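One structure is given here, and the rest of the page talks about it.
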């Protein structure tokens, strides 16, 4: 399986997706954020791919520039 441009964009968006998830949840114990693997990993991946989809749209919109 080859990595697509969408996969590449999603991977590059992953840190932002993690930050979005951290900011939208209240799952801190002390200063550590607690992961819920079943929910958080899936949600983070979904955010990353949504961001990738928007990047692809923007890329197409400005491809002729």
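Shown is the FRET efficiency for residue 5 and residue 45, computed with R0 = 22 Å from the Cβ-Cβ distance and rounded to the nearest 0.05: 0.85. The length gained on full extension between residue 38 and residue 22, counted as 0.36 nm times the residue separation minus their Cα-Cα distance, comes to 4.2 nm.
Each value in this text was obtained by applying a stated rule to the coordinates, not by laboratory testing. Computed from a predicted structure; not experimentally measured. Reconstructed Cβ throughout: ideal geometry from the backbone, glycine too, with neighbour counts over all protein chains shown.
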